[in-house]
Amino acid sequence: MLTTRIAWLIQTGQVSPAGVLAVTFTNKAAREMTARLSAMLPINPRGMWIGTFHGLCNRLLRAHHRDAALPQTFQILDSADQLAAIKRLLKGLNVDDEKYPPRNLQHFINGCKEDGLRAKDVEVVDDYNRRFVEFYAAYDDQCQREGVVDFAELLLRSYELLERSAALRQHYQARFAHILIDEFQDTNVLQYKWIKQLAGPGSAVFAVGDDDQSIYAFRGANVGNMSAFEREFRVPNLIKLEQNYRSHANILECANHLIRNNGNRLGKELWTDAGAGEPVRVHEALSDGQEAHWLIEEAKSLINEGWMRADMAILYRSNAQSRVLEHALFSAGIPYRVYGGLRFFERAEVKHALAYLRLMENPADDTAFLRVVNFPARGIGARSIEQLQDAARMAGVPLHEAVRGLAGGAGAKLGAFAALIARLRGETLGMTLPEAVEHVVERSGLITHYQTEKEGQDRIENLRELVNAAAAFLSDQGVGQDVPASAGVVAEEPILMTTPLAAFLSHASLEAGDNQALEGTDAMQLMTVHAAKGLEFDAVFITGLEEGLFPHENSAQEPLGLEEERRLMYVAITRARKRLYLSFSQTRMLHGQTRYNIRSRFLEELPEATLKWLTPRMGAQRPVWGDPWSGNTLQGDRGRRAAVPDAPMLSRADVQRAQGFDRGLPWRVGQSVAHARFGEGVILGIEGSGTDARVQVNFGRQGVKWLALSVAKLDPVN
DNA sequence: TCGGTTCAGAGTATT
DNA sequence: TCTGAACCGA
């Protein structure tokens, strides 16, 4: 939609390509937009500012690095680098990392930055929190010394740059006549502030978003930006896009009906003129394994009917669910593709190679230094490194500078490492980028190291692939293949001078590479619901629709957690074009234990008339009180009690013993029962016989109860 | 510095 | 149950 608008603006002469700023969240989205524009218009899309928030901020900071108080060669820390830097910081400060977990500090720092707050701006509420604020300040100092910026810093630094410099701000405001933002519901507070800085009195700002698809609050997205935008920009034309061209009406009706259970909506109702289509199919399985088995039989018959495997997706709430499904697909010999997982630039061997390149570019990058100072092993042990770190701290200099002052064997070895970096820099001076990368990969000793490793072959291939990635990067950037890696080239903007190597390093940090499995073969698509956002498929299976899993039990502790889960379900449903399957299972293996689950409340929130139950529909859940999502639990003092409590579960032996066949009782483990007060539940175990017989029942939101059969009145639900 | 063992923790994720 | 990180002995 942004693409069409940009094309129209340019074609009708309302704006020149240079006056356009278009922001997305992912590189993929930015690439697609650029590609479609260059197909539609006879222009060089390079003149336009189209990119991710981070990519554009990087561009801004490179161009004005002096004003932003950054070295020209500043490096970008990804999340893992950032965590390593934080651990190092805490170690240097002798902080007990049990009391102050590095992960928490990372989360704290990023949260502050995403709210636009520096350490000095953070309100201190208690002593514990005060320490975090101090660490935040120390962390920023460390980054500044080392010439590195983390992801959130890219945003915050460029926001501050625009805020501080009226001249720059006015320059860009005058330039960008049209600002367009995609997936606006996913923006955080800082990103919105950044846009407000860039939007001048004459800028037309155009934002697209869907509040019902806001599923990233947990990583800082602020849906409130949508209403704030409408108010603060005095949006004259609010356009609701309610006609849907993707799904059949039954599917849309499910989505509409479900999402009506949320409060705080801007409000919309999807419709289509494509016809009702097929009913939405619902299946109940006895176990997760059986769910997978059923799903595969269903998929097989679709394939026999001529459906493409690539047009079928299996969605789940959490990654752990993929294993059972993969196992079943593998056994059945159905090609499949799992989205998510380790990405190219995040691989250890690739990060090692990049660390060498980063050190050549910026020797003060201590994160990179520590990553490879003893990799491959050069006999520089933990003690030597500590010595070096102490010396560097005392002198207030980066590690590489402290090397000189060190005497003895450790000093010599460290000196040799520093010399290696310097030598690599010299040797690659006249080389092109791919040549330089290859040279470093070879001469750093990485290849040799992996040759001696048992499973090093894959890693060597990835290192070779890094050389290819460098070559591909050059041609994507339109840089000649014969330009030296360290030669200054003009990139993107007249003002922006950079070298191919520096640009490649930024690229490697900002774009971690594909985590989407290879395209090509016709394979079924497996992914989390989050990963499915923005995609669509002819047939969609939503699996694991059980209380505690979807909605996920952890969301019960969050304000409005259930509403976000419901939006997630909304996203899942609306991925389907023609056919939608919803499935759940009575039991599921989780964390090594069998859990007895109750079907998801979301199933009850769908309109009956659109559903077709493939298995007999059991009695509806009773309305219950004590819902953990409503913050009103029966569970007493644990406070973090799950919807399906992790109360005493039975071992397999217990279950077998307790099956109850021999006792002549009418109850079985796993059976669904109803109780007048507790509602519907599932029998977890049976004990005793005759008048002593007791059953343990999981009533889901009501908790797990032991009931004496001579007293309690239970009804079978089937 | 390695390889094995032990232990805790296990939700969604882009840059 | 499975994974990754931390830890210890050679």
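Quick notes
- Per-region count, the stretch A:82-114, residues under 20 Å from A:V189 (Cα atoms), among the aliphatic types (A, V, I, L, M) and touching a residue at least 60 places away in the same chain (Cβ under 8 Å): 0
- Number of positions in the stretch A:196-238 that are assigned to a loop (DSSP other than H, G, I, E, B), among the β-branched types (V, I, T) and either open to solvent by 20 Å² or more (accessible area, probe 1.4 Å) or farther than 27 Å from A:L560 by Cα (or both): 3
- Scan of the stretch A:529-560 for residues that are hydroxyl-bearing (S, T, Y) and over 16 Å from A:A576 (Cβ atoms), ordered by number: A:S555
- Within the stretch A:100-195, helices (runs of 4 or more DSSP H) holding 2 or more residues that are touching a Cys at 6+ places or on another chain (Cβ under 6 Å): A:151-164
- Residue that is farthest from A:K300 (Cα to Cα) [pool: residues in the stretch A:316-343 that are within 9 Å of DNA strand B (Cβ to nearest atom) and buried (at least 20 other Cβ atoms within 10 Å of the Cβ)]: A:R317
- Residues satisfying the stated conditions in the stretch A:374-425, i.e. within 16 Å of DNA strand C (Cβ to nearest atom) and at positive phi: A:G379
- Taken residue by residue, the stretch A:323-333 has at least one member that is within 25 Å of A:S555 (Cα to Cα), touching a helix residue (DSSP H, G or I) at 6+ places or on another chain (Cβ under 7 Å) and of a type outside the set (K, R).
- Residues in the stretch A:283-324 that are assigned to a strand (DSSP E or B) and closer than 23 Å to A:K533 by Cβ: A:M312, A:A313, A:I314, A:L315, A:Y316.
- Within the stretch A:414-426, the only residue that satisfies the criterion of being open to solvent by 40 Å² or more (accessible area, probe 1.4 Å) and within 19 Å of A:L466 (Cα to Cα) is A:R425.
Per-residue answers, yes or no, for (1) open to solvent by less than 20 Å² (accessible area, probe 1.4 Å); (2) of a type in the set (D, E, K, R); (3) assigned to a loop (DSSP other than H, G, I, E, B):
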| residue | (1), (2), (3) |
| --- | --- |
| A:L526 | yes, no, no |
| A:F541 | yes, no, no |
| A:G544 | yes, no, yes |
| A:E563 | no, yes, no |
| A:L568 | yes, no, no |
| A:R579 | no, yes, no |
| A:R595 | no, yes, no |
| A:L606 | yes, no, yes |
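- Residues in the stretch A:284-308 that are surrounded by 14 or more Cβ atoms within 10 Å (Cβ to Cβ) and within 13 Å of A:Y581 (Cβ to Cβ): A:E284, A:A285, A:E291, A:A292, A:W294, A:L295, A:I296, A:E298, A:A299, A:L302, A:W307.
- For the stretch A:678-687, the condition of being at positive phi, assigned to a strand (DSSP E or B), surrounded by 14 or more Cβ atoms within 10 Å (Cβ to Cβ) and at pLDDT 70 or above holds for at least one residue.
- Taking the criterion of being open to solvent by 40 Å² or more (accessible area, probe 1.4 Å) and more than 11 Å from DNA strand B (Cβ to nearest atom), the residues of the stretch A:85-107 that qualify are A:K87, A:K91, A:L93, A:N94, A:D96, A:D97, A:K99, A:N104.
- Residue match in the stretch A:313-320 (condition: within 12 Å of DNA strand C (Cβ to nearest atom) and touching a residue at least 24 places away in the same chain (Cβ under 8 Å)): yes
- Some residue of the stretch A:28-48 being closer than 30 Å to A:T12 by Cα, surrounded by 20 or more Cβ atoms within 10 Å (Cβ to Cβ) and either under 22 Å from the mean Cα position of the chain (by Cα) or within 14 Å of DNA strand B (Cβ to nearest atom) (or both): yes
- Only residues that are acidic (D, E) and either assigned to a strand (DSSP E or B) or at pLDDT 95 or above (or both) were counted across the stretch A:546-561, and they come to 1.
- Residue check: A:A22 meets all listed conditions (1) outside any helix (DSSP H, G or I); (2) open to solvent by 10 Å² or more (accessible area, probe 1.4 Å); (3) under 21 Å from A:W194 (Cβ atoms) but one, namely (2).
- Residue within the stretch A:57-66 that is under 26 Å from A:T498 (Cα atoms) and within 10 Å of DNA strand B (Cβ to nearest atom) present: yes
- Candidates A:H352, A:H439: the one that is more than 16 Å from DNA strand C (Cβ to nearest atom) and either free of Cβ contacts under 8 Å to residues at least 40 places away in the same chain or crowded, with 18+ Cβ neighbours inside 10 Å (or both) is A:H439.
- Test for A:L77: is it within 16 Å of DNA strand C (Cβ to nearest atom), touching a residue at least 12 places away in the same chain (Cβ under 8 Å), open to solvent by less than 20 Å² (accessible area, probe 1.4 Å) and under 28 Å from A:E511 (Cα atoms): no
- Of the numbered criteria (1) polar (S, T, N, Q); (2) open to solvent by 20 Å² or more (accessible area, probe 1.4 Å); (3) under 22 Å from A:A217 (Cα atoms), the one A:Q82 fails is (2).
- Of the residues A:E438, A:E386, the single one that is in a helix (DSSP H, G or I), within 24 Å of A:R145 (Cα to Cα) and not hydrophobic (A, V, I, L, M, F, W, C) is A:E386.
- Residue, farthest from DNA strand C (Cβ to nearest atom), within the stretch A:451-470, restricted to residues that are in contact with an Asp or Glu (Cβ under 7 Å, 6 or more places away or on another chain) and of a type outside the set (V, I, T): A:L463
- Restricting the stretch A:581-593 to residues that are among the aliphatic types (A, V, I, L, M) and open to solvent by 10 Å² or more (accessible area, probe 1.4 Å), the residue that is farthest from DNA strand C (Cβ to nearest atom) is A:L590.
- Within the stretch A:530-539, the residues that satisfy the criterion of being within 17 Å of A:T26 (Cα to Cα) and either assigned to a loop (DSSP other than H, G, I, E, B) or open to solvent by less than 10 Å² (accessible area, probe 1.4 Å) (or both) are A:A532, A:K533, A:G534, A:L535.
- Selection within the stretch A:170-195: residues that are touching a strand residue (DSSP E or B) at 6+ places or on another chain (Cβ under 6 Å) and closer than 21 Å to A:G534 by Cβ. The member of this set that is surrounded by the fewest Cβ atoms within 10 Å (Cβ to Cβ) is A:D182.
The values are calculated or read from the model by the stated rules, or taken from the named source; none is laboratory data. This is a predicted model, so every value here is computed, not measured. Glycine also receives a Cβ, built like all others from the backbone with ideal geometry; neighbour counts cover every protein chain displayed. Accessible surface is based on the protein model in full, side chains and every heavy atom, while ligands, DNA and RNA are left aside. Shrake-Rupley method; radii C 1.70, N 1.55, O 1.52, S 1.80 Å.
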